[in-house]
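The structure appears right after this line, and notes come after that.
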Amino acid sequence: MPTRRHLLAATAGLLAAPVPSFAAPARVLRAAPGTASLGGDLPETDVWAYDGTAPGPVLRAKQGGRLRVRFENALPQPSSVHWHGIRIDNAMDGVSGLTQPPVAPGESFDYDFHLPDAGTYWYHPHNRSWEQLARGLSGALIVEEADPPQVDRDLVLVIDDWRLDEDGRIDEASFGAMMDWSHAGRRGNWPTVNGRYRPELPVKRNERLRLRLINTANATIMALSLTGFDGRLVALDGQPLAEAEPITDILTLAPAQRADLIVDVTAEESARLDWITPGADPYPFALFPVSGEARDEPLGEIAPLSANPLPTKLALDNALRARLTMAGGAMGGAMDAYIGRHPMTAMMGNGKGIPAGTGRLGIRDLADHGFAWSLARISGMPADPVITAKRGETVVISMPNDTAWPHAMHVHGHHFRETKGGPWRDTILIERGEKAEIAFVAGNSGDWMIHCHMLEHQAAGMGTWFRVT
Ligand code: C2O
Ligand code: CU
C-alpha cells in the first residue's frame with residue numbers, strides 16, 4: 001500500500017513544476033445589458049442577460065460536488081445571485097441585504113457551494129428581483145444524478161412571459177406599477193420557451209426525453225398541457241417523487257416551480273406544449289416536430305428517480321410552530337400592518353425611500369409607501385426573525401391565505417412538505433381563501449427568507465425571514 005509519505009516522495013521530483021490546482025476554477029457568470037431575439041417577428045430586444053443570453057446559460061454540476069461561480073456585475077444596478085431550491089450554505093444564498101451585501105456595479109462575488117441534491121433548480125437575481133428578472137436575468141441550474149435515468153436527451157425548457165410594449169421593447173413604464181403590485185403581479189404578453197416565442201424543437205418518434213420545465217415568470221401561474229408525449233412525472237421542484245406518476249391533463253407550475261417529466265414521443269407529426277387558459281383554445285408554447293424514428297417501439301417502463309438525502313423524519317409532535325397569515329392586496333378587505341424595520345425593507349416597496357419601521361398603517365398609507373401585502377401583520381422584512389429554530393428542529397408553518405389572490409410561497413434553503421402529506425417542494429401555490437401547513441427540518445444555520453415568488457407581491461411586502469441557530 002503506498003502511503004501518503006510515499007506519494008509525497010514520489011511527487012517530490014515534480015516540485016519545480018507549477019503546483020496544479022485541484023479545485024475546479026470558478027466559472028464566470030457575467031450580468032450585463034445586452035440584446036436578445038425573442039422570436040416571432042420581433043426586432044432585437046434590449047434585455048439584461050447572464051453571459052449575453054436570456055435566459056442565461058444552463059449551469060450543470062454533479063450531485064455531491066461543488067459549484068464555483070464568480071458573479072460579475074456589469075449591470076447599472078446592484079445585484080446578487082440566488083440559487084433557487086439548493087439546500088445551500090447560508091452565506092451563498094445570494095439574498096441582497098440578508099445573506100450578503102448587494103454586489104455593486106463593476107464588482108464581483110465568488111459563490112462556492114456544495115450540492116447535496118440532484119434535480120432541476122435555477123438561479124436569478126435577489127435584488128429588485130421584480131425588475132431584474134423581468135429584464136431577462138434567470139437561468140437553469142441542473143444537478144445531475146450519479147445514476148441518471150436512461151433517456152435519449154435531456155431538454156431544459158425555461159418557460160417565461162415577457163411584458164413588451166408595441167415596439168417589442170420591454171415595457172419599462174409599468175415597472176413598479178401599483179396596479180400590478182396589488183393585483184396579480186406583472187403578467188406578460190410574450191410567452192417564450194428558452195427565450196424564444198413558440199420555438200420548434202425537433203424530436204424523433206419513440207425518442208425518450210427528460211423534460212425539465214421551469215417557470216421563471218415574475219407572476220404568471222402556468223397551466224400547461226403536453227400532447228404527443230406519453231410518460232411520467234418524476235420530480236417536482238427538483239425533488240424526486242416516490243413513484244413515477246401519470247402526467248395529468250393540466251400541469252400547473254406557479255412562478256419558480258419546476259417539474260421533471262420522462263416521456264416518449266408518440267406523435268406522428270408534431271408534439272406540443274400548450275398553455276391552457278379557461279375558455280380559450282390551447283395556446284402553443286412550443287412545438288416539437290417529429291422527424292425520423294429513434295426506435296421501432298417506445299422504451300418500457302419509467303422508474304422513479306433515486307431519492308435525495310433529505311431528512312426523512314419530521315418530528316411534528318414537538319415541532320416549532322408559527323403562523324404566517326397572508327393579508328392585503330386589491331379586494332382583500334381591510335388591512336393594517338407594520339412596515340418592517342429590517343434594513344432590507346427599504347429595498348422593497350416602490351423605491352420611494354421610506355424608512356422602515358414607520359409604525360402601524362392602514363392600507364392607503366401602506367400603498368403610499370409601495371406596500372400592499374403583509375405576512376403575519378408585517379409588510380416587508382421584520383427586524384427580528386419570525387421564527388428562530390435550532391438546527392435539526394422540525395418547523396411547522398401554517399399559511400392561511402386571507403387575500404383575494406393566489407400566492408406562490410417559497411422557503412429559502414429548505415424543502416418542505418405539507419403536513420397532510422404530498423411531495424417535497426420549495427415553492428407552494430396557495431389559492432385564495434385556502435390554507436397550507438408545511439413542515440421541514442431546519443437544516444442549515446443562518447437567515448432564510450420566506451416570500452411570495454410573485455415578485456411584485458414580494459416587493460410590495462410579502463416577504464419575511466427566519467433564523468436557524
Ligand atoms: Cu427564487 Cu427568494 O427566490
Ligand atoms: Cu403573492
Proximal lysines to Lys390, defined as alpha-carbon separation beneath 27 angstrom and excluding residues fewer than eight positions away on the same chain = Lys313, Lys420, Lys435
Calculated diffusion of segment 46-141, Stokes-Einstein form, Kirkwood radius summed over Cα pairs, 20 °C and 1.002 mPa s, µm²/s = 160 µm²/s
Quick one: ranking Ile363, Ile159 by accessible area, 1.4 Å probe, largest first, what do you get?
-> Ile363, Ile159
Quick one: putting +1 on the C-beta of Lys and Arg, -1 on the C-beta of Asp and Glu, what dipole do you get for segment 27-144 around its Cα centre, in Debye to the nearest 20?
-> 300 debye
Checking rank on 222-230, 100-108, with mean other Cβ inside 10 Å and highest first, the result is 222-230, 100-108
Can you send over the solvent-accessible area of Trp190, 1.4 Å probe, protein chains only, in Å² to the nearest 10?
-> 40 Å²
Would you mind working out the accessible area per residue for the chain, using a 1.4 Å probe, and quoting it in Å²?
-> 42 Å²
Farthest toward the dipole's positive end in segment 153-293, which of Val263, Ala280, Phe175, given Cβ charges of +1 (Lys, Arg) and -1 (Asp, Glu) about the Cα centre?
-> Val263
Report the charge-dipole magnitude of segment 153-293 in Debye, nearest 20, computed about the Cα centre from +1 at each Lys and Arg Cβ and -1 at each Asp and Glu Cβ.
-> 280 debye
Please work out whether segment 320-468 counts as rounded, prolate or oblate from its C-alpha gyration tensor, where a ≥ b ≥ c are the square roots of the eigenvalues and a/c under 1.5 means rounded, while otherwise a/b larger than b/c means prolate and anything else oblate?
-> oblate
How much of the accessible area of the chain, probe 1.4 Å, is carbon plus sulfur, in whole percent?
-> 52 percent
Unit charges on C-beta of K, R, D, E only; dipole of the chain, Debye = 1720 debye
What figure in square angstrom, to the nearest 10, would you give for the accessible area of Arg425 with a 1.4 Å probe?
-> 40 Å²
For the chain, with the dipole built from +1 on Lys and Arg beta-carbon atoms and -1 on Asp and Glu ones, taken about the Cα centre, which of His457, Ala337, Val290 lies farthest toward the positive end?
-> Ala337
For peptides 209-217, 377-385, 395-403, sequence by mean Cβ density within 10 Å, most packed first | 209-217, 377-385, 395-403
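Below 8 Å between Cα atoms, with a sequence gap of 6+, how large is the relative contact order for segment 27-144 in percent?
Values: 299 pairs, mean separation 36.6, N = 118.
Taking the mean separation of contacting Cα pairs over the length of segment 27-144, I get 31 percent.
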Using alpha-carbon pairs under 8 Å, 6+ residues apart, how would you state the relative contact order of the chain in percent?
-> 14 percent
For segment 253-308, rounded, prolate or oblate, judged on the Cα gyration tensor with a ≥ b ≥ c (square roots of eigenvalues), a/c < 1.5 rounded, else prolate if a/b > b/c?
-> oblate
Which order do the peptides 168-176, 109-117, 454-462 take when ranked by the mean count of other beta-carbon atoms within 10 Å per residue, highest first?
-> 454-462, 109-117, 168-176
Kindly identify segment 187-238 as rounded, prolate or oblate by the Cα gyration tensor criterion: order the square roots of the eigenvalues as a ≥ b ≥ c, call it rounded if a/c is under 1.5, otherwise compare a/b with b/c, prolate if a/b is larger, else oblate.
-> oblate
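Out of all DSSP beta bridges with both ends in the chain, state the antiparallel percent to the nearest 5. Please list the in-between numbers first.
Numbers: 91 of 121 bridges.
If I count the DSSP bridges inside the chain, around 75 percent turn out antiparallel.
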Could you give log10 I(q)/I(0) at q = 0.08 Å⁻¹ for the chain, computed by the Debye formula over C-alpha point scatterers of equal weight, without solvent?
-> -0.48
For Lys390, Lys204, Lys420, what's the largest-to-smallest order of accessible area, 1.4 Å probe?
-> Lys420, Lys390, Lys204
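The values are calculated or read from the model by the stated rules, or taken from the named source; none is laboratory data. Please read all numbers here as calculations on a predicted model, not as lab measurements. So basically every Cβ, Gly included, is an ideal-geometry build from the backbone, and we count neighbours across all protein chains shown. Calculation scope for accessible area: heavy atoms of the full protein, side chains included, ligands and nucleic acids excluded. Shrake-Rupley method; radii C 1.70, N 1.55, O 1.52, S 1.80 Å.
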